[in-house]
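This report concerns only the one structure given below.
The values are calculated or read from the model by the stated rules, or taken from the named source; none is laboratory data. Please read all numbers here as calculations on a predicted model, not as lab measurements. Note that we place each Cβ from the backbone using ideal geometry, even for glycine, and neighbour counts take in every protein chain shown.
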Amino acid sequence: MAHLQSLEIKNFRCFQDIKLSFDSSIIFIQGDNGTGKTALLETIYYLCYLKSFRSHIPRELIRFDSDSFFLRGTFAHEAEENVLQVGLVPQKKVVKINGKPVKSFQDLFNCARVISLTESDLFVIQGGPEKRRSFIDNLIFLHEPEFAKEIRLYKNILSQRTALLQKNFSDDDLYHLWTKKLWKASIKIKNLRISYLKKLSILLEDIIEQYPIDQPLSLAYCCKQEYSESFEIFSQNYLFMKNREMRLQRTLFGAHLDDIGIYWNKAEARLFASRGQQKLIILLLKIAQAQGLNKENGLCIMLLDDFVTDFDLKRIRQTLEILTNLRCNLFFSCAQKNSILEQELNKYNVQKVDLEAFER
């Protein structure tokens, strides 16, 4: 099991200089709103992905009175220990493991893979298809970091093909060339998504046996525009599509338009599941994701940012039982004093971190 042993934060978000040591695999972070509970979880996430789950703007992560930040985490896995450090100065990011520059995300993932669970994750259900595509793509990325190259290649092909459509072109061969390139890239991404979606569905079935729910939950891959496994068959239909694409000046097929169907009681969870049911669905999806990572890699840390605190006692007990059985390194945050979650966590070997005791 991956275990975060210590964390050092300088000039990140609200923290000026803070050092923490973790002696347990279950950490409960408490403190009033504004004390930095989410920022602390964000630090762990940033160490592993070099990005935030709250902002895409690096400047927003730097403390208001500084122009840089520094993070250091010590991760232990079995007999191995790795020190991961990230420094951000104006227009430059320095990332090292055990003092050596990091060359790839695989290096980072050898320290730990992190799964976060926040209120914004509800947009996987409530939001548009891009949110669900991002969810499944991130899942693939955690198992296959090279998948990021496939996504970049796909976006480049899509950009080139769309640029062609926005011109008054007469070169059918060029259109055919970029259509085939996009088709090939789409098939590759689609097949990977379907493969991992099937794996996730199997894990979900196992989890639901342990964590009973009152309605069936299922997942499906949905193509906006069907593109056959054979380009010859696909190309027979794209004469009509070509006319539409030229008129609209945009690409009308491909992996960037597909969706993931999340069904609750055989109906779209986006439309027919209550908010509480949607929270439960996201929780189950994240647990399944963590279980899949543990089976293959054994390097998983889960960050739950004030997410299960509004569950009832029965559901919290069920949640803690299944989470602790995962043997993940668990971080919970909660603003409530003496909450049901805190009371139930007291039954486990939990370490409490009170951020109100630290100066910022």
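Residue by residue through region 31-46, note down the ones that are free of Cβ contacts under 8 Å to residues at least 40 places away in the same chain and either part of a strand (DSSP E or B) or crowded, with 17+ Cβ neighbours inside 10 Å (or both). 39, 42, 43 - these are the residues of region 31-46 that are free of Cβ contacts under 8 Å to residues at least 40 places away in the same chain and either part of a strand (DSSP E or B) or crowded, with 17+ Cβ neighbours inside 10 Å (or both). Of all residues in region 215-253, those being farther than 30 Å from residue 284 by Cα, touching a residue at least 12 places away in the same chain (Cβ under 8 Å) and among the charged types (D, E, K, R) number 4. The single condition among (1) crowded, with 22+ Cβ neighbours inside 10 Å; (2) of a type in the set (Gly, Ala, Ser); (3) more than 30 Å from residue 105 (Cα to Cα) that residue 255 does not meet is (3). Looking across region 322-340, the residues that are modelled with pLDDT under 95, surrounded by 13 or more Cβ atoms within 10 Å (Cβ to Cβ) and not polar (S, T, N, Q) come down to 322, 323, 326, 327, 328, 334, 335, 340. Going through (1) loosely packed, with under 14 Cβ neighbours inside 10 Å; (2) within 14 Å of the chain's Cα centre (by Cα); (3) aromatic (Phe, Trp, Tyr) one by one, residue 109 falls short only on (1). Among the residues here, residue 149 does not qualify as closer than 18 Å to residue 252 by Cα and part of a helix (DSSP H, G or I).
Considering each residue of region 234-290, count those that are touching a Pro at 6+ places or on another chain (Cβ under 8 Å) and within 19 Å of residue 183 (Cβ to Cβ), and give that number. Number of matching residues: 3. In region 148-174, the residues that are under 19 Å from residue 105 (Cα atoms) form Cβ pairs under 9 Å with partners that are among the aromatic types (Phe, Trp, Tyr), at six or more places apart or across chains, as follows: 148/105; 148/141; 151/141. Count of region 62-114 residues, restricted to those that are outside any loop (DSSP other than H, G, I, E, B), out of contact with any Asp or Glu (no Cβ under 7 Å at 6 or more places or on another chain) and among the charged types (D, E, K, R), is 8. When 247, 275, 270 are screened for being basic (Lys, Arg) and touching a helix residue (DSSP H, G or I) at 6+ places or on another chain (Cβ under 7 Å), only 270 passes.
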